[in-house]
1. Can you tell me the relative contact order of the chain? Whole percent, Cα pairs under 8 Å, sequence separation 6 or more.
2. Assign one of three labels to the stretch 79-326, namely rounded, prolate or oblate, based on the Cα gyration tensor with a ≥ b ≥ c the square roots of its eigenvalues; rounded applies when a/c is under 1.5, prolate when it is not and a/b is larger than b/c, and oblate otherwise.
3. List the lysines whose Cα lies under 24 Å from the Cα of LYS293, skipping any in the same chain that are fewer than 8 positions away.
4. Please give the charge dipole size of the stretch 92-231, origin at the Cα centre, charges +1 on K and R Cβ atoms and -1 on D and E Cβ atoms. Round to the nearest 20 debye.
5. With +1 on each Lys and Arg Cβ and -1 on each Asp and Glu Cβ, how big is the dipole of the chain about its Cα centre, in debye rounded to the nearest 20?
6. Within a Cβ distance under 13 Å of PRO118, other residues only, what is the Lys/Arg minus Asp/Glu net charge?
7. Roughly how far apart, in whole Å, are the Cα centres of the stretch 191-251 and the stretch 137-189?
8. With r as the distance between the Cβ atoms of VAL89 and THR236 and R0 = 45 Å, compute the FRET efficiency 1/(1 + (r/R0)^6) and round to 0.05.
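Just so it is clear, none of the values below were taken in a lab; they were calculated from the coordinates. What you see is a predicted model, and the numbers here were worked out from it, not measured in a lab. Cβ coordinates were reconstructed from backbone atoms using ideal geometry, including for glycine residues, and neighbour counts include every protein chain displayed.
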Amino acid sequence: MAQIPIILLSFIFICTLSISNLAHSKTLKRDVKALNEIKASLGWRVVYAWVGDDPCGDGDLPPWSGVTCSTMGDYRVVTELEVYAVSIVGPFPTAVTSLLDLTRLDLHNNKLTGPIPPQIGRLKHLRILNLRWNKLQDAIPPEIGDLKSLTHLHLSFNNFKGEIPRELANLPDLRYLYLHENRLTGRIPPELGTLQNLRHLDVGNNHLVGTIRELIRIEGCFPALRNLYLNNNYFTGGIPTQLANLSSLEILYLSHNKMAGVIPSGVAHIPKLTYLYLDHNQFSGRIPDHFYKHPFLKEMYIEGNAFRPGVKPVGFHKMLEVSDSDFLV
């Protein structure tokens, strides 16, 4: 019994020592240098809460706003950088790519311009990359395909052009891919269908071409895909019967393309299909009866096509608005 107080005292001493070491850990010079370079750049002076020289906090000073640090061994490193909606102006800060321990980079809703530098591929631990609502341009760098831990990629509402890099198919954990509202051209790489965890693919409002048949030509493709947005592009061809193999599909958005042909009845057997947007294409024939008996189908838009008289839509036709934040974890 007399040993118990000694054990407790030893435990308390060890805990106190650990906390003391944690409090006096130094921030890795590499990260301090990188964030101070960003702080000094012209458009980033709006980050007025960045006080002091140490982004992880120094003495009585707290960490910089939007900066999250973690302790690794004897040092603190920056693991998250979230600076959004503060009207940051200027090119994408290349110094960010020196923060090699980043798991989240969120710079959305600013006024960043120019390209994403190829050095972005250095951020091997990055899980979330959110750059939507900026003015970024040029091609999407294929080096993003080196970010093997990435689960969320938000590049929508920018001015990206060129083709979607097939290297994005090298991201085994990718769940959400947002590329809408850009100037992307060419075809969607069918290799994206090999992504076993991809749930949401949105390439709407671009200048993409091709057919759905080309997109789903790989056997067993898109096994987890729930939401597929192809609207407002230049897709042609029809809806292939094989689309019914995407058994997890809930939202299929094909509005405002140049697609034609009849609607295969097999699509009506996709078990969880909830929203179907076919409007403003060149579809013809009739809507299979199974669509009107589907247990989950809430909305089916059909206007602006060449369907036979008597074909009716489904639902109240409220606008479907799915916010990015609904999918950002």
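1. Reported relative contact order: 7 percent.
2. Prolate, since a/c reaches 1.5 and a/b exceeds b/c.
3. Partners found: LYS272, LYS312, LYS318.
4. 220
5. Roughly 680 debye, rounded to the nearest 20.
6. Cβ neighbours under 13 Å give a net charge of -3.
7. Value for the Cα centre distance between the two parts: 15 Å.
8. Calculated value: 0.65.
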